[in-house]
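The numbers here are math on the coordinates, done by the rules we state, and not lab data. Here the structure is a predicted model, which means the values were calculated and not measured. Every residue, glycine as well, gets a Cβ built from its backbone with ideal geometry; the counts of neighbours run over all protein chains shown.
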Amino acid sequence: MRLIIFGPPGAGKGTQASRISSRHGLLHISTGDMLRAAVREGTQLGRLAKSYMDKGELVPDDVVFGIIKDRITKADSKDGFMLDGFPRTIPQAKALDRMLGEEGLKIGAVISIEVDDEEVVKRISGRRVCEKCGAMYHIIFDPPKNSGYCDKCDGKLYQRDDDSEDVVRNRLRVYRKQTEPLKEYYEKTGILKVVRGTGTVEEVFSEIERILEKLN
Ligand code: AMP
């Protein structure tokens with residue numbers, strides 16, 4: 001199975017992707033996580049990526065595509081994967097199709113999680129992430145038992161630099177302008193599946209499961 005989890009920042013892509021990955025044993029590939037790892041490691045790529053990420057802008061297509069290409073040609077991607085945060089532009093989607101096409105492969109479904117802008121701002125400004133294991137919390141909707149620390153591994157929780165309200169609003173502008181047109185791109189090939197992202201994590205996950213059952 002090759003899936004894309006699609007939607008605006010804060011739609012719950014990472015949360016749902018982790019669930020799908022645990023339930024179906026599907027490899028979860030997040031370009032955002034890979035870029036943040038490069039930033040933490042202080043590599044040249046990380047420094048370049050940070051200059052875009054801090055402003056809520058997209059990292060250039062060729063850079064992101066290079067990372068994805070390296071990742072999905074690794075042996076563990078052979079049996080399938082789920083892309084989270086990629087593609088984000090039409091050229092990225094075309095490059096992905098071209099690359100998979102060369103191997104006779106294609107994307108089976110694009111699951112688009114729909115959430116409106118005000119809900120996104122509300123969700124993201126309260127979001128906290130574990131610096132050790134990446135688990136996500138919300139200070140109001142999904143607080144950790146021990147304030148400031150992860151329930152799973154006791155790691156410290158932090159707020160992503162790009163989760164401040166002004167950067168989130170820019171990420172939303174960028175999403176509507178550069179990323180949302182991809183819905184039409186995938187709708188044309190009949191693989192776009194739309195899910196309402198405003199329910200609880202369980203409700204959204206059940207809806208995604210219903211879609212995945214029909215694919216098998
Ligand atoms: P995310 O964790 O998916 O919200 O991504 C965080 C940030 O990483 C984005 O705001 C972009 O700056 C960058 N990024 C992640 N994926 C991509 C991509 N496919 N294309 C360009 N930039 C990306």
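In the set (1) within 15 Å of the chain's Cα centre (by Cα); (2) among the polar types (S, T, N, Q); (3) surrounded by fewer than 16 Cβ atoms within 10 Å (Cβ to Cβ), N146 fails one condition alone, (1). Residues in segment 21-36 that are closer than 18 Å to R210 by Cβ and either buried (at least 22 other Cβ atoms within 10 Å of the Cβ) or free of Cβ contacts under 8 Å to residues at least 12 places away in the same chain (or both): S22 only. Taken together, K214, K193 contain a single residue that is in contact (Cβ under 8 Å) with a residue 60 or more places away in the chain and basic (K, R), which is K193. Taking segment 127-157 as the range and being in contact with a strand residue (DSSP E or B) (Cβ under 8 Å, 6 or more places away or on another chain) and in contact (Cβ under 8 Å) with a residue 60 or more places away in the chain as the test, the residues that pass are R127, M136.
Of all the criteria given as (1) touching a strand residue (DSSP E or B) at 6+ places or on another chain (Cβ under 7 Å); (2) on the phi < 0 side of the Ramachandran plot; (3) within 12 Å of the ligand (Cβ to nearest atom), the one not satisfied by A49 is (1). Figure legend. Inter-residue proximity from segment 49-67: first residues under 11 Å from V39 (Cβ atoms), second residues among the hydroxyl-bearing types (S, T, Y) and near the ligand (Cβ under 7 Å from one of its atoms), beta-carbon distance below 9 Å, spacing 6+ or different chains. Indicated pairs: V59/T31; V59/Y52. As a summary of the residue check, G104 satisfies the conditions (1) more than 21 Å from L192 (Cβ to Cβ); (2) away from the ligand (no atom under 11 Å from the Cβ); (3) buried (at least 16 other Cβ atoms within 10 Å of the Cβ) except for the one numbered (3). Within segment 158-188, if we keep just the residues that are touching a strand residue (DSSP E or B) at 6+ places or on another chain (Cβ under 8 Å) and part of a loop (DSSP other than H, G, I, E, B), the residue that is surrounded by the most Cβ atoms within 10 Å (Cβ to Cβ) turns out to be R160. Candidates are the residues of segment 68-80 that are hydrophobic (A, V, I, L, M, F, W, C) and either in contact with a Ser or Thr (Cβ under 9 Å, 6 or more places away or on another chain) or closer than 15 Å to D33 by Cβ (or both); the one that is farthest from the ligand (Cβ to nearest atom) is I72.
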